[in-house]
Structures are given as structure tokens and as C-alpha cells.
Amino acid sequence: MNFDIQTSGSGLYEFTRDVAGRLHGTGVLTLFVRHTSCSLLIQENADAEVQSDLSAFFERLVPPSDHPSMSYLRHTYEGPDDMPAHIKAAILPTSLQIPVIDGRMQLGTWQGIYLFEHRTAPHRRQVIGMMS
């Protein structure tokens, strides 16, 4: 199963319902994002401040390459957000495994599945899902 996620810039994009609507049976769902400048997360989906705080934290942790603290970066020709996006994707997961029982993901009450876009421009991202 494939999921195309259109982003409008950096931030977290929930796609839990899209995944849930395509599940059946019992097994382990593996999700994998096919890009090197975004990540996948399971995170709280009850309070939007969690997503904005996570985005702000990672922006502070890995600022754009034109920030003075990042002057050592050499891969800068794709824009000041590109290499920091690769760093964030190296820190955060690019795949997830979720148990599924009788077609239902066994997520906690406040958990959702997110694509974490690390680039500032809009992108179309592809996530591949497979049940085993």
C-alpha cells in the first residue's frame, strides 16, 4: 500500500486515518518513507501544540545552514533547509512498525502516525506500507 502525502512546508502531517482505512487482518505493519529529508513519527495527536513544539525544538536543534552555528556545512547548494533536513532525517526514524490485530492498529489512545517534513518548500512524499 502506498500513501502520497502532500506537504506545504516543514511540520508534522498526520495520516493515521489513511493508514487505518486500508488495513485488514492481523500482523505487523511496516511503514517506510522513500525520501532523505523527512521522517516518520508516532506522536500525540490530541493537542496540536505537541506538533508545533516538536517542530520548534528540531528547528533549534538543527537550524538552517545560513545560521552562524551551521557554517561548517558544505552541502548548501539546494538551499539553507536541505542539509539540516538530511540531519533531522538521520536523527529521527524513517520507518515504523505497528502491531495490527483484526484490522486495527494497536496505537495508544492519543497516538497518531505523522510524516515529519523537514524542508520548507512543499513536497509530495511517498510512504510505502506492508503487512507481514
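Taking the criterion of being surrounded by 16 or more Cβ atoms within 10 Å (Cβ to Cβ), of a type in the set (Val, Ile, Thr) and either in contact with a Lys or Arg (Cβ under 8 Å, 6 or more places away or on another chain) or closer than 17 Å to Ala121 by Cβ (or both), the residues of the stretch 7-40 that qualify are Thr7, Val33.
Quick grid of which residues meet (1) modelled with pLDDT of 95 or more; (2) more than 14 Å from Gly11 (Cα to Cα); (3) not β-branched (Val, Ile, Thr):
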position: Gln43; (1), (2), (3): yes, no, yes
position: Leu73; (1), (2), (3): no, yes, yes
position: His86; (1), (2), (3): yes, yes, yes
position: Pro93; (1), (2), (3): yes, yes, yes
position: Gly103; (1), (2), (3): yes, yes, yes
position: Gly112; (1), (2), (3): yes, yes, yes
position: Phe116; (1), (2), (3): yes, no, yes
position: Pro122; (1), (2), (3): yes, no, yes
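In the stretch 82-103, the residues that are over 13 Å from Ser65 (Cα atoms) and touching a residue at least 12 places away in the same chain (Cβ under 8 Å) form Cβ pairs under 9 Å with partners that are of a type in the set (Val, Ile, Thr) and in a helix (DSSP H, G or I), at six or more places apart or across chains, as follows: Ile98/Val19.
Tell me, yes or no, whether the stretch 110-123 has at least one residue that is acidic (Asp, Glu), more than 21 Å from Val28 (Cβ to Cβ), touching a strand residue (DSSP E or B) at 6+ places or on another chain (Cβ under 8 Å) and touching a residue at least 12 places away in the same chain (Cβ under 8 Å). Yes, the stretch 110-123 contains at least one residue that is acidic (Asp, Glu), more than 21 Å from Val28 (Cβ to Cβ), touching a strand residue (DSSP E or B) at 6+ places or on another chain (Cβ under 8 Å) and touching a residue at least 12 places away in the same chain (Cβ under 8 Å).
Among the residues of the stretch 72-111, those that are among the β-branched types (Val, Ile, Thr) and either within 18 Å of the chain's Cα centre (by Cα) or in a helix (DSSP H, G or I) (or both) comprise Ile87, Ile91, Thr94, Ile98.
The values are calculated or read from the model by the stated rules, or taken from the named source; none is laboratory data. From a predicted model like this one, the values you see are computed outputs, not experimental measurements. We place every Cβ from the backbone using ideal geometry, glycine too, and count neighbours over all the protein chains shown.
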